[in-house]
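Asks: Starting off with a structure, shown below.
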Amino acid sequence: MAPSTLPTMRSWPIPASFGRPAFPAPTRPRPSESCARFLARSRSAPPSDVFHLLSSSEVTVTDILFPYTALQLTGQVNRIPNLYGLLNDLDLFPSSGSISTLIEVRRDEHTLSVLPAVERGGPASVAERKRGDVLYFEVPHFPHLDMIGPRDLQNMLTVDGRAARPRTLEDEMAKRLRAIRSKHAITREWIRMGALKGNIVDGQDATLYNLFDAFGFTKVTIYFNLSSSTTDVDGLCSQLFEQIATNLRGEVMSHVEAIVSPAFFDAFIGHPKVQKYWLNWSNAEKLAQVDRQKVGGQMGRTFTYQKIIFREYYGVAPVKVSGSLVSKSFVTTGKGHAYPAGTLDTFYTYDAPPEDIRFVNEAPGQEVFISPKILDHGQGVELMTQSNQLAMVRRPEVLVELDSGAAP
């Protein structure tokens, strides 16, 4: 056809169906119909019907591919038990929910005093009301983003018993939930151990709170000098006990415990004074057979000396230092951290509401929150996870650092 005979836009005929749907009624998912059955049925539909189906605003990718809500995912991830960490198993820092992202710690001197005796009918002694200092701490926010995409499922297999089958979204979601739970669990253990040291740091080795500075106390360190055979280990243990007991200030305890590194533990039980003590005791075999307890996912040793329980902790965590990922021990080599056990309200872990408009000013009942987002063009599912937690020692003066070396 010559260019002069080409029709213009005005000369094109208008179809008789203009203004009415050009396609038959599209295929729709039926009630209680599975995703696989629906897609199989849609394949048998005419191409125009399928195109109209996929472009329809009435059927979304969310309805077809991802039937999980934020509440369901949050509930599922928190059903996975936190098996990580010695402090978690010891339940030293019980959890407490807060409706605020700020934690108030009031320093009241609840010291006990002996009441005076008076004649019957005489005036009673009056309790003194002292307004204590109030400290506020903002609960740190720990967000973590994950994503499940087509490459996580395509050409991937899942071993089910002895057979292999194509990996499903449910398989990958269960795997991701376990990983998410573990990451937030190790973070919880990390900040708890930081609180026990009096210096809380995050996963990039940045200090969040120094509790000694915040409360106005100086950290006490007892140097055991375990490389010297003449060290008075008994005297140092008595000093440790007295340091903690005299700073309880109205608090109670059942005994003293110390979480130490493997190097400190070996040097302590190998010291001549400690070995001599046990060799003179009726059950000297305990020195050669130190108890190993499966606590917090590890087989750390425990050893009781002068009524102080020494617990070995060899756990490590990946932490970014100067931009590089390194493994850092929860307890520095040659160090230890002593504390009173069996207290009433000295140690806590506070959980604040998540950064979510649906949960503002509500005390959280969960440690980890997950919110899913369906990505455009079927690119996958984005999982925004977060925990908002702060471990707190309300009386940091009862914390004592132990060092296996000599005093500087």
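Asks: Just subtract the alpha-carbon distance of T158 and Q76 from 0.36 nm times their residue separation and send over the number in nm, one decimal.
Replies: Details: separation 82, 0.36 × 82 = 29.52 nm, distance 2.06 nm.
Contour length minus Cα-Cα distance gives 27.5 nm.
Asks: Take the cross-link list K197/K307; K320/K373; K328/K373 and give me the ones stretching past 30 Å between alpha-carbons.
Replies: K328/K373
Asks: By how many nm would the segment from A174 to S254 lengthen if fully extended, with 0.36 nm per residue of separation less the alpha-carbon distance? Don't skip to the end; give the middle numbers.
Replies: Numbers: separation 80, 0.36 × 80 = 28.80 nm, distance 4.14 nm.
The span from A174 to S254 would gain 24.7 nm if fully extended.
Asks: Still on this structure, please answer the following. Given a Förster distance of 56 angstrom, what is the FRET efficiency for K273 paired with E355, based on the Cβ-Cβ distance and rounded to 0.05? All intermediate terms of the calculation are to be shown ahead of the outcome.
Replies: Values: r = 54 Å, r/R0 = 0.96.
Calculated value: 0.55.
Asks: Additional query: Provide the packing ranking of 190-199, 141-150, 69-78, i.e. peptides ordered by the mean count of other C-beta atoms within 10 Å per residue, highest first.
Replies: On the way: 190-199: 23.3, 141-150: 14.2, 69-78: 16.7.
Ranking the peptides 190-199, 141-150, 69-78 by packing returns 190-199, 69-78, 141-150.
Asks: Still on this model: Provide the percentage of antiparallel DSSP beta bridges, counting only those with both residues in the range 217-345; round to the nearest 5.
Replies: Details: 21 of 26 bridges.
Antiparallel bridges: around 80 percent, rounded to the nearest 5.
Asks: Okay, next question. Be a star and scan the range 156-183 for residues whose amide nitrogen sits under 16 Å from the point 7 Å along the Cα-to-Cβ vector of L375.
Replies: 169, 172-173, 176
Asks: Would you calculate the separation in nanometres between label points at E128 and S322, each defined as 7 Å from the Cα along the Cα-to-beta-carbon direction?
Replies: Rounded to a tenth, the inter-label distance reads 5.2 nm.
Asks: How big is the range 217-345 along each principal axis, measuring the range of its Cα positions in Å and listing the largest first?
Replies: 52, 38, 30
The numbers here are math on the coordinates, done by the rules we state, and not lab data. The structure displayed is predicted, hence computed values, not measured ones. In this analysis, Cβ positions are derived from the backbone assuming ideal geometry, glycine residues included, and neighbour counts consider all displayed protein chains.
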